[in-house]
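Working notes, structure below.
The values are calculated or read from the model by the stated rules, or taken from the named source; none is laboratory data. Note that the structure is a prediction, hence the values are computed from the model and not measured. Cβ: placed from backbone, ideal geometry, glycine included. Neighbour counts: every protein chain shown. Just the protein is used for accessible areas: all its heavy atoms, side chains included, with ligands, DNA and RNA removed. Shrake-Rupley method; radii C 1.70, N 1.55, O 1.52, S 1.80 Å.
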Amino acid sequence: MSTITVLMDTTLVVIFTWVAYKTGQILWKYTPYSYPNARIKAMEARLFNEQKLGELAESKTLNNFVMNLEDSDYKPYLGNLPSLRAETIDRALEASLADTYQLMLKILPKRTSAFFQLLLEEWDVRNISSVVKAKFKGEVARDYIHELGTLIGKVKAMAEAKTLEEILVILEGTEYEDPYQRLLLKEISLEEFETELYKKHYSKLLEYAHSRKAEEREILEEFVNLKIDKINLVTILRAKAHHLSADKIRSSLIPGGKMNRKLIETLLNVEDIEMALAELDSTEYSSILREVREKVMVDISAFERAFEKYIQQRMSELTKFYPLSIATPISYILQKEWEIRRLKAIAKLIEDGLKPEVIKKIIGEQL
Amino acid sequence: MEPIVYVALGAALAAGIAGAASSFGVGIAGAAAAGAVAEDEKNFRNALVLQGLPMTQSIYGLITLFLIALVSGILGGSFRFAETTTDNLIKAAILLGAGLTVGLTGLSAIPQGIIASAGIGATAKNPKTFTQSIIFAAMAETMAIFGLVGALILIITGVGF
């Protein structure tokens, strides 16, 4: 009898320890995404389809455009525009995007919401880089600011700064102070300054992705590496179009990405853009090139847009594999950014007086 | 240990584990339902149906608890396996096994809640996927049904009324 009871007791202890551990693991992994991901899926249902964008393109006037957006998520942002211009609509749409980022920060589990904080910082990098470039070229910096990011107040102050030294005071205490100081001392060029900001930013994103576990790590690494590949490939193609040397391009590349060193070296050393595209044909990015090859030869931004669409599709695929993961919010924010970019383009084209058919064609080409 | 301990454990674990798993499952799906409804009230009906699916495991647990209590005589006032004999100990162990089977297979309520949660998200995006979402979530139910059937066989053939 004692053998039976010992066996039964031991079995019970083993089973319960294993069950408790596995249950805890499953609950920790999925429960925090339950609320945010269902909410985000419901928000995804309200994203515009091609038909709605076509209707917006037919607005003819900015007034009609804004009225057509009245039954959408953008209504609260477009309700009190100071004046009906593409620029003010731009700002309202950016405010909506900023709020979407804030919502993500609020509803996502703490262990991953910091990633969205980093994505928001990417807008700081864009803004600071644009403002500094504008200031150095003597242009109106205000026009280049996106109303997004964690340092929007400082960015606006930078745009209003009277001297380049004043910008240094504004950037004091931030991670951008050091590269800007070196720019002022002429230790680095304007292009190097921009590259340095992006290098810093992407190293932070990568570091964060590497610090995660299991599928969270897989998704974040895939996303960040694809973003790095996009920037590096666009840099290489633009440089090839301007016949820059391999050494000059190499220093502008962001460390990381999915492309191996051998492929990058080959791309850096090919003769021209056509050969670079031929090299990409044997990589996983060949599908991106298939539809835009002709366009890329005249406009490299077509490749950039196609790559962005590819990242969106990849994240959407991961959302299907991992419905309760960070892939869902990433996929949503990419779609939202894409939609806002197209809405801005439609507003600008309407303001420029283009016919609806032409606007539809331009927007359609951006797909 | 005395036979009563195994019998009581079997009944308690059947209802306890399955009930706890159901509450986790309903909780996970409920959080998703709240998220979907926060964006659009129209999602309420679909979300409610999906959220309720992981509750069934707790019912299986409760049925098993009653059966164990009934066959062992706890329900009725005269416990049948009071003496610590080998035969009584084996029968008590069978009842514990039956309870554990339902309790452990009842853990399927947790993945069912996760599937229901993903289904609520999918339905919120595209209401046409409601039926499919129910079928996917119901698949997890199969394990709990197998557990209940296994427990019934154990109780009826191993112990009997």
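Check off (1) more than 30 Å from A:Leu220 (Cβ to Cβ); (2) surrounded by fewer than 18 Cβ atoms within 10 Å (Cβ to Cβ); (3) of a type outside the set (Gly, Ala, Ser) for A:Leu349 and give me the number that stays unchecked. Only one criterion is unmet by A:Leu349, namely (2). Within the range B:68-90, the set of residues being within 14 Å of B:Ile4 (Cβ to Cβ), of a type in the set (Val, Ile, Thr) and in a helix (DSSP H, G or I) comprises B:Ile68, B:Val71.
Are any residues in the range A:142-177 among the aliphatic types (A, V, I, L, M), open to solvent by less than 20 Å² (accessible area, probe 1.4 Å) and within 22 Å of the chain's Cα centre (by Cα), and if so, which ones?
Listed by number, the residues that qualify are A:Ile145, A:Leu148, A:Val155.
Does B:Ala8 fit the bill of being open to solvent by less than 40 Å² (accessible area, probe 1.4 Å) and modelled with pLDDT of 90 or more?
Numbers: open to solvent by less than 40 Å² (accessible area, probe 1.4 Å): no; modelled with pLDDT of 90 or more: yes.
When the stated conditions are applied, B:Ala8 does not pass them.
Any residue at all in the range B:18-35 that's among the hydroxyl-bearing types (Ser, Thr, Tyr), more than 11 Å from chain A (Cβ to nearest Cβ), touching a Gly at 6+ places or on another chain (Cβ under 8 Å) and open to solvent by less than 10 Å² (accessible area, probe 1.4 Å)? Walk me through it before giving the result.
First, pick out the residues of the range B:18-35 that are among the hydroxyl-bearing types (Ser, Thr, Tyr): B:22-23.
Still in the list and also more than 11 Å from chain A (Cβ to nearest Cβ): B:22-23.
Cutting the leftovers down to touching a Gly at 6+ places or on another chain (Cβ under 8 Å) gives us B:22.
Next, from what is left, pick out any that are open to solvent by less than 10 Å² (accessible area, probe 1.4 Å): B:22.
Looking for residues that are among the hydroxyl-bearing types (Ser, Thr, Tyr), more than 11 Å from chain A (Cβ to nearest Cβ), touching a Gly at 6+ places or on another chain (Cβ under 8 Å) and open to solvent by less than 10 Å² (accessible area, probe 1.4 Å), one finds at least one in the range B:18-35, hence yes.
Which residue, of A:Tyr322, A:Tyr332, is open to solvent by 10 Å² or more (accessible area, probe 1.4 Å) and either in contact with a His (Cβ under 8 Å, 6 or more places away or on another chain) or touching a residue at least 24 places away in the same chain (Cβ under 8 Å) (or both)? Being open to solvent by 10 Å² or more (accessible area, probe 1.4 Å) and either in contact with a His (Cβ under 8 Å, 6 or more places away or on another chain) or touching a residue at least 24 places away in the same chain (Cβ under 8 Å) (or both) holds for just one of A:Tyr322, A:Tyr332, which is A:Tyr322.
Any idea which residue in the range A:238-251 is modelled with the highest pLDDT, counting only those that are surrounded by 20 or more Cβ atoms within 10 Å (Cβ to Cβ) and of a type outside the set (Val, Ile, Thr)?
Initial filter on the range A:238-251 (surrounded by 20 or more Cβ atoms within 10 Å (Cβ to Cβ)): A:239-240, A:249.
Those still in the list that are of a type outside the set (Val, Ile, Thr) too: A:239-240.
On the way: A:Ala239: 86, A:Lys240: 83.
Looking at residues that are surrounded by 20 or more Cβ atoms within 10 Å (Cβ to Cβ) and of a type outside the set (Val, Ile, Thr), I get A:Ala239.
Only one of the listed residues (B:Leu65, B:Leu48, B:Leu53) is away from every other protein chain (no Cβ under 11 Å), touching a residue at least 12 places away in the same chain (Cβ under 8 Å), part of a helix (DSSP H, G or I) and surrounded by fewer than 16 Cβ atoms within 10 Å (Cβ to Cβ). That residue is B:Leu48.
Here's a check for you: in the range A:21-37, which residue that is in contact (Cβ under 8 Å) with a residue 12 or more places away in the chain and more than 7 Å from every other protein chain (Cβ to nearest Cβ) is least open to solvent (accessible area, probe 1.4 Å)?
Here the answer is A:Tyr33.
Within the option set B:Leu104, B:Leu100, being within 11 Å of chain A (Cβ to nearest Cβ), touching a helix residue (DSSP H, G or I) at 6+ places or on another chain (Cβ under 6 Å) and either of a type in the set (A, V, I, L, M, F, W, C) or crowded, with 24+ Cβ neighbours inside 10 Å (or both) holds for one residue only, B:Leu100.
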